[in-house]
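Below is one structure; the comments refer to it alone.
The values are calculated or read from the model by the stated rules, or taken from the named source; none is laboratory data. Model, not experiment: these values are computed from the prediction. With ideal geometry, Cβ positions are generated from the backbone for all residues, glycine too; neighbour counts draw on all protein chains shown. The area values use the complete protein model at the heavy-atom level, side chains included, leaving out ligands, DNA and RNA. Shrake-Rupley method; radii C 1.70, N 1.55, O 1.52, S 1.80 Å.
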Amino acid sequence: NLSQADFNYVVDHNDYYFLNMEQDTARASMQGVLPWDFTGAGAPAMAFGFDYRKETMVSTADPLGSLGALGGGNFVPVRGEYNTVEGYGELDIPIIKDSFVQNLNANMAGRLTSYSTSGLVETWKLGLTSQVNDDIRARATWSFDIRAPNLAELFNVIPASGGQVDYLSNNNVAVALSEAAGNTALKPETAVTWSAGIVLTPHWVPGLSMSFDWYNINV
């Protein structure tokens, strides 16, 4: 905590900005192996759960910053928050075991997320992994992904003044006031991702492991 002397030293109208960020979460989940072996390669494993998250930012700043009256920065007080409610599930299904490959597994996952600022979105993933033999492991995935805006992108307001110095005369020749502002109407960005790769662990070179991956992301 700041003492009054600390505060008086900082608040000298040369601009100041105090930012507090808080995250509150609650979570419940379960995972385990189902009692059925559908393929003869082993029982499927599954996980599912529920998440709640609340993100909050509160800032205080020099009052002159809101007027753009300071030499730089000109921060302004900001308050913003959002919350998310999520449900998710994942399933791993053995398909082949000790046949023409050592194992082949399919996996799938899905998540529904409700953002208080932008509504409901969904993400999902489908994948295959195979231990071909002791030396080669292969994998591939197809997924629909999101990136949600953060607190600053939603709520921040930062007017900042600045100038350009003429280095021949050493004079500040121009001063402009610009503003970087958040947008509460932003929605999560989306992407479709394809990826594939192999992991090589040749038994004739002890300790050697090499991974090669290809991916394609359409945003």
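Suppose we keep only residues that are open to solvent by 100 Å² or more (accessible area, probe 1.4 Å) and modelled with pLDDT of 85 or more within the range 1-21. Which one would you say is farthest from Arg79 (Cα to Cα)?
Gln4
If you take the residues of the range 73-91 that are open to solvent by 50 Å² or more (accessible area, probe 1.4 Å) and among the charged types (D, E, K, R), which of them is nearest to Ser130 (Cα to Cα)?
The residue in question is Glu90.
Quick check, is Gly32 more than 24 Å from Thr184 (Cβ to Cβ) and open to solvent by less than 50 Å² (accessible area, probe 1.4 Å)? Working first, answer last.
Details: more than 24 Å from Thr184 (Cβ to Cβ): yes; open to solvent by less than 50 Å² (accessible area, probe 1.4 Å): yes.
Yes.
Quick one: Leu120 ticks every box in (1) open to solvent by less than 50 Å² (accessible area, probe 1.4 Å); (2) more than 28 Å from Ser211 (Cα to Cα); (3) of a type in the set (A, V, I, L, M, F, W, C) bar one, so which box is it?
For Leu120, the failing item is (1).
When only residues in the range 123-145 that are more than 30 Å from Thr201 (Cα to Cα) and not aromatic (Phe, Trp, Tyr) count, which is surrounded by the most Cβ atoms within 10 Å (Cβ to Cβ)?
Checking each candidate, the answer is Thr123.
Could you tell me how many of the residues in the range 195-219 are under 30 Å from Ser118 (Cα atoms) and either over 19 Å from the mean Cα position of the chain (by Cα) or of a type outside the set (A, V, I, L, M, F, W, C) (or both)? Reasoning before the result, please.
Taking the range 195-219 and keeping what is under 30 Å from Ser118 (Cα atoms), we get 195, 215-219.
This time we only want the ones that are either over 19 Å from the mean Cα position of the chain (by Cα) or of a type outside the set (A, V, I, L, M, F, W, C) (or both), so: 195, 215-216, 218.
The qualifying residues number 4.
Residue by residue, here is whether (1) of a type in the set (Ser, Thr, Tyr); (2) within 30 Å of Tyr82 (Cα to Cα); (3) in contact with a Ser or Thr (Cβ under 7 Å, 6 or more places away or on another chain) holds:
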site: Asn1; (1), (2), (3): no, yes, no
site: Gln4; (1), (2), (3): no, no, no
site: Phe18; (1), (2), (3): no, yes, yes
site: Arg27; (1), (2), (3): no, yes, no
site: Gln31; (1), (2), (3): no, yes, no
site: Pro35; (1), (2), (3): no, no, no
site: Thr39; (1), (2), (3): yes, no, no
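Would you confirm whether any residue within the range 146-165 is at pLDDT below 95, aliphatic (A, V, I, L, M), open to solvent by 60 Å² or more (accessible area, probe 1.4 Å) and in a loop (DSSP other than H, G, I, E, B)?
no
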